[in-house]
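S.K.: I'd like to ask you about the structure that follows.
Where a number appears in this text, it was derived from the coordinates with a stated rule and is not lab data. Note that the structure is predicted; figures quoted are calculated from it, not measured. Cβ atoms come from the backbone with ideal geometry, glycine included; neighbour counts cover every protein chain shown.
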Amino acid sequence: GKRIGVLTAGGDAPGLNAAIRGLGKAAIGRHGMEIIGFRGGVRGLAEDQWVNLDHTSLSGILTAGGTILGTSRDKVHKMMVDDQPTDMIPTIAEVVERNKLDCVVMLGGGGTAKNALRLHQAGIPVIHLPKTIDKDIAHTDNTFGFSTALEIATDAIDRLHSTAHSHHRVIIAEIMGHKAGWLALGAGIAGGADVILLPEIPYDLSSIVETIERRKARGTNFSVLAVAEGARDIRATAELNAAESLIKTAPTPEAKAIARSNFARIQDEHRENPFRLAREVEAATGLESRVTILGYVQRGGTPCAEDRILGSVIGAAAADLIDAGETGIMVASKGEGAAPVPLEDVAGNLSLVPIDHPWIQTARDVGTGLGD
Ligand code: F6P
């Protein structure tokens, strides 16, 4: 039988263990493979740190949050080693060779897709499984982690309504999602948020104030705002876009470095956005305004049924595809099943909410303000 490795990288997400288990059980049980698990993401791969996975270590993990293997956000081509960014791809090739691996299965999000593509291009056999609470990976219908995070964020918005209506307050719930608005949009609709702000739709304070004032005029003295962590007002969006294009067009590595640090500074300035927004809304509406940052709570705890199924389906499908000799692919979720997609099509290709998406139309239809 074949011998394979598995690792989990990037932010932890509910469903990772279900996917490890699905992969491992199908690999061992159905295909007679051996499987080892690298610890702490691609760093464990570079450092040859692994444990054997067998029926015993794979049992009892289906319902557990986080990842039994641990994770990190390292980049294979510039991993910090002795404080120096180091290209670890040749080292990883040696580790794969030494352990006689037919494939390394990498469970992760956008950053992991990029790592996987780099390894694939260096001739290392890899397969990527799409995991993220952000649902921002291209060419897959879904990503495990999203559904659980959506439930948690929705529950949070439900609970925030209690304080908002009891105290006649505006409450801003900051929801994760990186550069995509899927989580904020979904939770905003499901939780009945009065305003939803997304990175895909730069907002205008006056439009938000208008929505809150319209509610006030109807006698409703509170509002709950579902705000994606990546949401920016029109001015900040323009500033950030300009700074980003300066990085892309920088003629020299030195200029690129300066443009990068300039971009980081502007991004930092806007990190306090929800608090600034609360102050501005309070000043404009006279309603006390507060912020709740949902943070890592959204990634924590036991995966919901959908993510357990998705992780199991994708994990088991990966074992079948490895058995069939596939490499250099992501195992995408398609309908209720799975299908291979070339890594070249996935890496660096974010899936943002299209502004003509049915969910956006639904939010507008039910009278939710989108800040535009
Ligand atoms: O990708 C998942 C995610 O939780 C994003 O929503 C968020 O932007 C990011 O990870 C936070 O990263 P970290 O775990 O490094 O704080």
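S.K.: With springs connecting C-alpha atoms under 10 Å apart, model the chain as a Gaussian network and identify which of ASP134, ASP82, ASP268 has the largest mean-square fluctuation.
M.R.: ASP82
S.K.: With both partners inside the chain, how many of the DSSP beta bridges are antiparallel, as a percent to the nearest 5?
M.R.: Details: 14 of 48 bridges.
In the chain, approximately 30 percent of DSSP beta bridges are antiparallel ones.
S.K.: With a/c under 1.5 counting as rounded, go ahead and sort region 1-109 into rounded, prolate or oblate using the C-alpha gyration tensor (a ≥ b ≥ c being the square roots of the eigenvalues; past the cut-off, prolate if a/b is larger than b/c, else oblate).
M.R.: The shape class here is oblate.
S.K.: Moving on. On the principal axes of its Cα set, how long, how wide and how thick is region 236-285? Give whole Å, largest value first.
M.R.: 48, 15, 9
S.K.: Sticking with this structure for a sec: Relative contact order for region 208-294: what is it in percent, counting Cα pairs under 8 Å that are at least 6 residues apart?
M.R.: Relative contact order comes out at 27 percent.
S.K.: Of GLY300, GLY123, GLY65, which has the largest mean-square fluctuation in a 10 Å C-alpha GNM of the chain?
M.R.: So, out of GLY300, GLY123, GLY65, the one fluctuating most is GLY123.
S.K.: Note down the Stokes-Einstein diffusion coefficient of region 187-253 in µm²/s, whole number, using a Kirkwood radius over alpha carbon pairs, 10 °C, and 1.306 mPa s.
M.R.: 114
S.K.: Take the chain, connect every pair of alpha-carbon atoms lying under 10 Å apart with a spring to form a Gaussian network, then pick out the residue of GLY70, GLY22, GLY315 with the largest mean-square fluctuation.
M.R.: Of the options given, GLY70 has the highest mean-square fluctuation.
S.K.: Report the relative contact order of region 1-153, percent, no decimals, based on alpha-carbon pairs under 8 angstrom and at least 6 residues apart.
M.R.: Relative contact order for region 1-153 comes out at 28 percent.
S.K.: Give LYS114/LYS334; LYS135/LYS256; LYS2/LYS78; LYS25/LYS179; LYS75/LYS100; LYS131/LYS256 a once-over and call out the pairs whose C-alpha atoms are over 26 Å from each other.
M.R.: LYS135/LYS256; LYS2/LYS78; LYS25/LYS179; LYS131/LYS256
S.K.: Same structure again: For ASP204 and ALA305, calculate 0.36 nm times their separation in residues minus their Cα-Cα distance, and state this gained length in nm to one decimal.
M.R.: Additional length available on full extension: 32.6 nm.
S.K.: Throw me the Rg/Rh for region 87-172, computed over C-alpha atoms with Kirkwood Rh, two decimals. Display every interim value, and only then the final one.
M.R.: Numbers: Rg = 20.3 Å, Rh = 15.8 Å.
Taking Rg over the Kirkwood Rh, I get 1.28.
S.K.: Where a ≥ b ≥ c are the square roots of the eigenvalues of the C-alpha gyration tensor, would you call region 260-372 rounded, which needs a/c under 1.5, or, failing that, prolate if a/b is larger than b/c, or oblate?
M.R.: It comes out prolate by the Cα gyration axes.
S.K.: Something else: In degrees, nearest 10, range 0 to 90: what is the angle between the Cα axis of helix 205-217 and the longest Cα principal axis of the chain?
M.R.: Taking the Cα atoms of the chain, the angle to 205-217 is about 60 degrees.
S.K.: Further question: Need the C-alpha centroid separation for region 263-297 versus region 14-31, integer Å.
M.R.: Their Cα centres are 41 Å away from one another.
S.K.: Per 20 Å bin, what percent of the C-alpha pairs of the chain does each bin hold, from zero upward?
M.R.: Reading upward from the zero bin: 28, 51, 20, 1.
S.K.: Quick check on region 11-134: of the DSSP beta bridges with both residues there, what percent are antiparallel, nearest 5%?
M.R.: Percentage antiparallel, nearest 5: 60.
S.K.: Return one number: the angle in degrees, 0 to 90 and rounded to the nearest 10, between the long axis of the Cα atoms of helix 273-285 and the longest principal axis of the Cα atoms of the chain.
M.R.: Taking the Cα atoms of the chain, the angle to 273-285 is about 20 degrees.
S.K.: Taking amide H positions as placed in the peptide plane 1.01 Å from N, state which residues far from THR132 in sequence (5 or more) or on other chains have amide H under 5 Å from it.
M.R.: Amide H neighbours of THR132, under 5 Å, 5+ apart: PHE144, PHE146.
S.K.: Identify the GluC sites (Glu not before Pro) of region 297-349 meeting these criteria: DSSP loop state and at most 13 other C-beta atoms within 10 Å of the C-beta.
M.R.: GLU336
S.K.: If you don't mind, there's one more thing I want to ask. List every residue whose amide H lies under 5 Å from the amide H of SER289, counting only residues 5 or more places away in sequence or on a different chain, with H placed 1.01 Å from N in the peptide plane.
M.R.: Residues meeting the criterion, in which the H sits 1.01 Å from N, are VAL170.
S.K.: Please list, in order along region 22-31, the HN-Hα scalar couplings obtained from phi with the Karplus expression 6.51 cos²θ - 1.76 cosθ + 1.60 (θ = phi - 60°), rounded to whole Hz, x for Gly and Pro.
M.R.: Each residue's phi maps through the Karplus curve to give x, 4, x, 5, 5, 5, 6, x, 8, 10 Hz.
S.K.: Next question. Calculate one ³J(HN,Hα) per residue across region 291-303 by plugging θ = phi - 60° into the Karplus curve 6.51 cos²θ - 1.76 cosθ + 1.60, and present them in order as whole Hz with x for glycine and proline.
M.R.: 10, 10, 9, 6, x, 5, 3, 5, 9, x, x, 6, x
S.K.: Could you derive backbone 3J(HN,Hα) for region 227-235 from the dihedral phi with the Karplus parameters 6.51, -1.76 and 1.60 (θ = phi - 60°), listing whole Hz in sequence and x where the residue is Gly or Pro?
M.R.: 10, 5, 4, x, 6, 9, 6, 4, 5
S.K.: Additional query: Compute the relative contact order of the chain as a whole-number percentage, counting only Cα pairs closer than 8 Å that sit 6 or more residues apart in sequence. Numbers along the way, then the final one.
M.R.: Working: 834 pairs, mean separation 90.2, N = 372.
The normalised contact order for the chain reaches 24 percent.
S.K.: Something else: Which of rounded, prolate or oblate describes region 166-215 when judged by the alpha-carbon gyration tensor and an a/c cut-off of 1.5?
M.R.: Note, shape of region 166-215 comes out oblate.
S.K.: Can you put VAL341, VAL281, VAL51 in order of Cβ neighbours within 10 angstrom, beginning with the fewest?
M.R.: Working: VAL341 19, VAL281 22, VAL51 13.
Exposure proxy ranking, most exposed first: VAL51, VAL341, VAL281.
S.K.: Enter the angle in degrees (range 0 to 90, nearest 10) between the Cα long axis of helix 253-269 and the first principal axis of the Cα atoms of the chain, meaning the one along which they spread out most.
M.R.: Tilt of helix 253-269: around 50 degrees.
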